[in-house]
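Worksheet for the structure shown next.
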Amino acid sequence: MKKYIAMFFAAAAFCFTSCDNETEPGGTSVEKMAGEWVVSWETQNAAGEWEDALGAKTVVSTYNTASNVATEMWFADNATGQANILMSPVKVQVDYAARTFETSGEVTLEGTGFMDGPATLSITEGKVLENAATTPRGMKADSIVCFINVQGDTTYKVAGFRRTGFTEDEP
């Protein structure tokens, strides 16, 4: 019987010490700019109008770097095959207070996406705007927009909304 009482008190002590409801998990340094985004990729036609370049919406991600500072984050294209423009994540410089981002000049990426060899690109005029988009189901969501120039030749306007998880809003 003493053995069971001792085991009961040991288990109770473990339960009471392992439950810490006071700890706040916190966030990352770029948490209001981080997330998954449902976006369209557009290029300009001869008349200067923006047209859909891929025929479908894709998902891009923005997330903090390992150093977890408010001055940089990763911008990644989650598409596959021909729709994967970026080929690998790109580190961008961030002005967190203004919610803007861009690459510091041109970045060279290895050819793992739709291009066969290395490619240079730059991301400019990136912005995250709070509640500035309307999702397909009619709800407000954060908006993202940026311009990606590939090889100094093709410029894509990437724009969309923060992924909601609702089926109606999926690409």
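From the set of residues in segment 138-147 that are hydrophobic (A, V, I, L, M, F, W, C) and without any contact (Cβ under 8 Å) to a residue 40 or more places away in the chain, which is surrounded by the fewest Cβ atoms within 10 Å (Cβ to Cβ)? Let's see the steps before the verdict.
Keep residues of segment 138-147 that are hydrophobic (A, V, I, L, M, F, W, C), which gives 139, 141, 144-147.
Then drop every residue that is not without any contact (Cβ under 8 Å) to a residue 40 or more places away in the chain, which leaves 139, 141, 145, 147.
Details: 139: 14, 141: 21, 145: 17, 147: 16.
Selected residue: 139.
Which of (1) polar (S, T, N, Q); (2) under 19 Å from residue 164 (Cα atoms); (3) at pLDDT 90 or above does residue 100 not meet, given it meets every other one?
Checking residue 100 against (1) polar (S, T, N, Q); (2) under 19 Å from residue 164 (Cα atoms); (3) at pLDDT 90 or above, the one that fails is (2).
Tally up the residues in segment 148-169 that are within 15 Å of the chain's Cα centre (by Cα) and surrounded by fewer than 18 Cβ atoms within 10 Å (Cβ to Cβ), please.
So the count comes out to 2.
For segment 1-56, which positions are acidic (Asp, Glu), at pLDDT 60 or above and part of a loop (DSSP other than H, G, I, E, B)? If you could, list the steps in order and put the result at the bottom.
As a first pass, look at segment 1-56 and keep what is acidic (Asp, Glu): 20, 22, 24, 31, 36, 42, 49, 51-52.
Now narrow it down to the ones that are at pLDDT 60 or above: 22, 24, 31, 36, 42, 49, 51-52.
Of everything in segment 1-56, those that are acidic (Asp, Glu), at pLDDT 60 or above and part of a loop (DSSP other than H, G, I, E, B) turn out to be 22, 24, 31, 49.
In segment 94-103, what residues are more than 11 Å from residue 124 (Cβ to Cβ) and either surrounded by fewer than 18 Cβ atoms within 10 Å (Cβ to Cβ) or free of Cβ contacts under 8 Å to residues at least 60 places away in the same chain (or both)? Steps first, answer last, please.
Going residue by residue through segment 94-103, those that are more than 11 Å from residue 124 (Cβ to Cβ) are 94-99.
Answer for segment 94-103, where residues must be more than 11 Å from residue 124 (Cβ to Cβ) and either surrounded by fewer than 18 Cβ atoms within 10 Å (Cβ to Cβ) or free of Cβ contacts under 8 Å to residues at least 60 places away in the same chain (or both): 95, 97, 98, 99.
The values are calculated or read from the model by the stated rules, or taken from the named source; none is laboratory data. Note that the coordinates shown come from a computational prediction; the quantities given were computed from them, not determined experimentally. Every residue, glycine as well, gets a Cβ built from its backbone with ideal geometry; the counts of neighbours run over all protein chains shown.
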